[in-house]
Each structure stands twice: as C-alpha cells, then as structure tokens.
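Take a look at the structure set out below.
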Ligand SMILES: [Zn+2]
C-alpha cells in the first residue's frame, strides 16, 4: 500500500496565511533554510560553490525533489548563523521592550518528522524574543518544559534524527526483503523435494 504524503504545515511568523497559497511542493525546514541561504548569499550558483555541490543538485534540493545530505544542511545552518552574527545587531530594541508572554506555537518538521525538545520530547516552541524575526541564532523555549534551545541547533538535530530514521527504515526494509527471499527459497526447495 502506498503511503499518502504527509501534509506539511507551514510555520507562520507574523504573516499568517500570506505564503500558504504559493507554497512549493517540498516545503519543509530543509527547503526553507536553503531558500533563505540563497537569498543571503545572492545566488544559487555561489551558494552551490560554497557547499561544494553542483548547482543542479542544489536546485533539486531547493524544490524538495532530492534529499539534502545532513552535512550540507548543517553547513547551511552554520552559514546562516555566521551571516546573522555579522549583521549589525538591533538587540537594543529587544532589551528595552518588556518581555511579553508569547502564545505562539512553532513546530519544525521535515515530512512527518518533528523537531523535539531534548529534555521532554515536546515538539512546540516559542521565541524568547517574539518581537524579533526568527533567525538561526534565535533562542527558543520548549512550550512544555521551558527548556531553551538555539533554533539552528534544533534544526541540525532534526536533520540527524531524519538520517537515523531513514537508516532504521532501510534496515527494516532489508530485513523484510530477506525474510521474503528466505520464504521464497524455502518454498521453492519444498517444491523440489515434493
Ligand atoms: Zn521540553
């Protein structure tokens, strides 16, 4: 039976509904991070060069037609984090503002795999500074236990979780295949002896 592809829920930050209509097919944290990095770098070509990846491959990643290796994704997160720290900080605004209790619920997913809090496995987060845009270097808090995590680190961990799950799925697929082959071999040898 063919599994129905999971419905990807967009993370809307201050622009609820705006991008829903024109969401690309493979919209997830990987493709969105890549799109942001292309924007920051200025062109897909020079970003491909930075990542030591062919431009065509990068473009396939960007539309979700090919899976981005976790190493490339980690490099993207590092690239964006570094770009953010180079930018002039406007943290003064955040310091002056009184911290508001934020009711936002962010989740980060690739397919149907969600990023989880390392402490309690919760999958909903909020920005510690909700008045600032969500950046790679933004600090997030788990909505369940309040445990803090840097956005970029959370995404990198999600990338690793995805690889781990794919390995497990491949392993299980192989095991099923072997069991089927063994059963087939057995039945054909049964036929011979019969
Ligand atoms: Zn938690």
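Test residue 57 against the stated conditions and say whether it is closer than 27 Å to residue 128 by Cα, modelled with pLDDT of 90 or more and either surrounded by 14 or more Cβ atoms within 10 Å (Cβ to Cβ) or touching a strand residue (DSSP E or B) at 6+ places or on another chain (Cβ under 8 Å) (or both). Walk me through how you get there before you give the answer.
Values: closer than 27 Å to residue 128 by Cα: no; modelled with pLDDT of 90 or more: yes; either surrounded by 14 or more Cβ atoms within 10 Å (Cβ to Cβ) or touching a strand residue (DSSP E or B) at 6+ places or on another chain (Cβ under 8 Å) (or both): yes.
No: the conditions fail for residue 57.
Residues in region 14-42 that are at pLDDT below 95 and in a loop (DSSP other than H, G, I, E, B): how many?
Number of matching residues: 15.
Name every residue in region 60-69 that is under 15 Å from residue 32 (Cβ atoms) and either over 15 Å from the mean Cα position of the chain (by Cα) or in a helix (DSSP H, G or I) (or both), in order of residue number.
Scanning region 60-69 gives 61, 62.
Among the residues of region 81-119, how many are in a loop (DSSP other than H, G, I, E, B) and either in contact with a helix residue (DSSP H, G or I) (Cβ under 6 Å, 6 or more places away or on another chain) or modelled with pLDDT of 90 or more (or both)?
Going residue by residue through region 81-119, those that are in a loop (DSSP other than H, G, I, E, B) are 87-90, 97-105, 107-108, 111-112, 115-119.
Right, trim to either in contact with a helix residue (DSSP H, G or I) (Cβ under 6 Å, 6 or more places away or on another chain) or modelled with pLDDT of 90 or more (or both) and you get 104-105, 107-108, 115-119.
The qualifying residues number 9.
Yes or no, residue by residue, for (1) surrounded by 12 or more Cβ atoms within 10 Å (Cβ to Cβ); (2) free of Cβ contacts under 8 Å to residues at least 60 places away in the same chain; (3) out of contact with any helix residue (DSSP H, G or I) (no Cβ under 7 Å at 6 or more places or on another chain):
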{"residue": "124", "(1), (2), (3)": "yes, yes, yes"}
{"residue": "130", "(1), (2), (3)": "yes, yes, yes"}
{"residue": "135", "(1), (2), (3)": "yes, yes, no"}
{"residue": "140", "(1), (2), (3)": "yes, yes, no"}
{"residue": "159", "(1), (2), (3)": "yes, no, no"}
{"residue": "170", "(1), (2), (3)": "no, yes, yes"}
{"residue": "176", "(1), (2), (3)": "no, yes, yes"}
{"residue": "190", "(1), (2), (3)": "no, yes, yes"}
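The values are calculated or read from the model by the stated rules, or taken from the named source; none is laboratory data. Because the structure is predicted, anything quoted here is derived from the model rather than measured. Neighbour counts are summed over all protein chains in view; Cβ atoms, including those assigned to glycine, are modelled from backbone coordinates with ideal geometry.
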